[in-house]
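Every read-out reported here was derived from the displayed coordinates using simple, explicitly stated rules and does not represent laboratory data. These figures come from a predicted structure and were not determined experimentally. Cβ atoms come from the backbone with ideal geometry, glycine included; neighbour counts cover every protein chain shown.
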Amino acid sequence: MKDFDLVRHGGCVKESLECALREAATALLGSREAVPEIRLTRPKVREHGDYACNLAMQLSRALGKPPRQVAEDLLAQVDWPQEVASVEVAGPGFINIHLRQASEAQVVWDVLRQGSAYGRRSQTDAQRICLEFVSANPTGPMHVGHGRGAVVGDVLASVLQAVGHEVTREYYINDAGAQIGILADSVWLRMQELQGEAIEFPESAYPGEYVVDIARGLLDRKPYAEWLDMEAEMRREIIGQAAVDANMKAIREDLAALGITFDVFFSERELHRSGKILAMIEELKSRGLVYTGILPPPKGKEVQDYKPVEQLLFRSTDFGDDSDRPLLKQDGSPTYFAADIAYHHDKHLRGFDRMIDVWGADHGGYVARVQAAVRALTGRAGQPDILLVQMVNLTRDGQPVRMSKRAGTFVTLREVVDEVGRDAVRFNFMTRRAESQLDFDLETAKEQSDENPVYYVQYAHARICAILRRAGEMGVAPGEEGTDLSCLASHEEKRLIKALLEYPEMLEKAAQRLEPYRVATYAMRLAADFHSFYHKHRVITEEAGKTAARLALVQATRQVLCNALGILGVDAPERM
RNA sequence: GCGCGGUUAGCUCAGUUGGAUAGAGCGCAAGCCUCCGAAGCUUGAGGUCACAGGUUCGAAUCCUGUACCGCGCACCA
C-alpha cells in the first residue's frame, strides 16, 4: 500500500499525504463523494510540523462529533506513507504531520535533473488562450500605466505557458475612429507649420513633439506641394495611416525595450473593412438582441450635450449590464463597442478555448457590456476573463510627476525604462497585485537599495554563482544524485528546501487565479530564505559530505531563482 | 446617484479562497565582515486588520450596512 502510493504519486510527499487522508476520511464517512478537498498547509510555527491539515474541523459537523474527536478517529484510520515520522492532534483539531528528517530534500535532485523545466508541466487539458493586453491607442507614445499592463500581461502569459497552456499574445490596434482623424489633422497642421505657415493649433489636437517628427518624415517622403494638391479626405486618410504606422513602430520598439513581443497585432480598421462588424450586428439582430430606441440621460452626472436620439441598441441588460448600449453612432458608423464585440467574436471563431483581456482600470465601466455581448454571441464559456490593472502613481523623490500632455511634463514609458532599467521596471510592476494602485518612484526605482527588491533577488543569484565559482576553483563539486542529503537538517536548510518544493505550487496558483505577481513575491521569499541560510551556514566546509550536499542545495536554489526570474522576464546575472 | 477596485504597523504592501500567536521591506533602536559577495544577516519596539452588525467550533478573509480614497458612467477610445 505504502509503496504503491509512492509509485502512484511519483514520490511527491504532499500528494501521498493527501491520498492517505482522503482514504481515511472516506472510511469514516462511508462515501468518497462526501470527502471535501484535502488541504495541507505549511504551518508558520515550527512546532506545528511540516504539514498541517484542518480536515477534522471540516468533518466535525457531518460526523456530529467535536473536531478533536474526529481527528483522533482519523488518525486511527490513516495508513501513512513511510516519510511520516510522527503525527499529533493539536489546537482545536489540527492534524500536524512531522516528516522524517530531510525526506523532502529529494526535491534538490528533481530541480537539478529538470533544470529550466522545473516547475513547468505539460497539461493533458491544455487550453489555447488568447491573451490580449496593452492595446494602447496608436495616437502617441505609451505612458507608465500602459507599461504596467504590458508587464502584467506578459508575465501572465509566461505563467500560463509554464503550466502547459498555449498562449497567443495579442495587441488590438485601435486604428479606426475619430481619434485617428484628429491625429491626422494634428500632423497636417504641423506639416503646414514646418512650411512656415501660420497655424492655429486647437486644444483638441495632439500636442506632442512626436507629431512634429511624423510631420517632418512625411514632408521628407513627398514635397509639400504634392500634399497640398491632394484631395482633403484622401490626404487625411494617408496621413492618418502613416501616423498610426509611425506610432505603432515606436510602441513596438518601446515594448521591445521592456522585453515584450507580441504574436499578433490585430487591426480594428481591418474589422471595419472586412465587414465583420456589420455581419456581427446582423447576427445579433437575427437573434432579436437589437432594437432601435432612445437611451435616458445618465443619472447623477450632468451631461451638457445630451440629446434624446434614436439609436441602434444592443440588449445588454438581458445579460447583466445596467443599460443597453449603442452599436451605431449618429453618423451611421459602428461604435467602438460594436467593433470590440466583433473583435471578441473573431477571437472565438479563431478557435481559442479561452480569452483573457488585460485592461487599465479606467476601462472598468466597460467590462459588463463586453462580457454581456460576447456571452450573447458565444455562450457563457466564451466570455472573456477581464483583468483590470489599477493606475500607477508616478513620483520623483516623493513628489508627484504631473502627467499633463499639454504642458509637456508627460513622462513616457520609454523615458522611464531608459532611466530606470528594464529589470527594475518589470520587477517593480510585479510586486503588487494588479488590483492595488501602484506608487512608482523614479529615484528609488533607480537606486540599488533595499527599497528595490529586484536587486535583492538578483544579488542572491549572483552570490550563489560566486559560491559555485569558488567551489570550482577549489576543485570541489556539488553532490550528484544519490548523495546523502540527510545533513541538510537545520532550520534554514529545511526552509530553503520547502521553498523549492513550493515553486510548482506557486506557479499553479498564479495561473489558476491569473495572479502573475505571485512569481515576484515568491522570488523575494526564496532569495530571503537563501540569504538567511547563507549567513548561518558555510557552504564550503571541511566536511566533504556536507559540502557536497550544500553545494547541491545551493545549485538547486540558483536554478529555481533563475526559473522564476525567467518567467518575470528579468535577468539572472552571474555577477553584479 | 449607480457600477468597479481599494482601506492591514509611522510609510509602501503581503496574508496559502474560513484556521493556531496577523507577516515582510522601508524608517526608528541595537548588533554582525580575519572567514564562500555587507547590494547581505540577526534582534527589538511598533496593530481596535476603516467602522457597526451578522453567519460558526473559528473571521483580516464570507454576508449586510456605513464612512473615506481611486477609476468610470449615451452618440470617445
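State whether the residues of region A:458-471 include one that is under 30 Å from A:Asp418 (Cα atoms) and in a strand (DSSP E or B). No, there is no match, as no residue in region A:458-471 is under 30 Å from A:Asp418 (Cα atoms) and in a strand (DSSP E or B).
Screening the candidates A:Ser60, A:Ser116, A:Ser86 for the property of being within 16 Å of RNA strand B (Cβ to nearest atom) and over 21 Å from A:Lys14 (Cβ atoms) yields one hit, A:Ser60.
Out of everything in region A:433-462 that is farther than 17 Å from A:Leu565 by Cα and crowded, with 17+ Cβ neighbours inside 10 Å, what residue ends up being farthest from RNA strand B (Cβ to nearest atom)? So, considering only residues that are farther than 17 Å from A:Leu565 by Cα and crowded, with 17+ Cβ neighbours inside 10 Å, the one farthest from RNA strand B (Cβ to nearest atom) is A:Leu442.
Given the criteria surrounded by 15 or more Cβ atoms within 10 Å (Cβ to Cβ) and either touching a residue at least 60 places away in the same chain (Cβ under 8 Å) or among the aromatic types (Phe, Trp, Tyr) (or both), does A:Asp571 qualify? It is true that A:Asp571 is surrounded by 15 or more Cβ atoms within 10 Å (Cβ to Cβ) and either touching a residue at least 60 places away in the same chain (Cβ under 8 Å) or among the aromatic types (Phe, Trp, Tyr) (or both). When every residue of region A:552-561 is checked against the conditions, at least one turns out to be within 14 Å of RNA strand B (Cβ to nearest atom), over 30 Å from A:Asp154 (Cβ atoms) and not aromatic (Phe, Trp, Tyr).
As a summary of the residue check, A:Leu485 satisfies the conditions (1) away from RNA strand B (no atom under 12 Å from the Cβ); (2) free of Cβ contacts under 8 Å to residues at least 40 places away in the same chain except for the one numbered (2).
Could you say whether any residue in region A:327-337 is part of a helix (DSSP H, G or I) and near RNA strand B (Cβ under 10 Å from one of its atoms)? Yes, that holds for at least one residue. You will find that of A:Ala136, A:Ala157, the residue that is touching a residue at least 24 places away in the same chain (Cβ under 8 Å) and either surrounded by fewer than 22 Cβ atoms within 10 Å (Cβ to Cβ) or in a helix (DSSP H, G or I) (or both) is A:Ala157 and no other.
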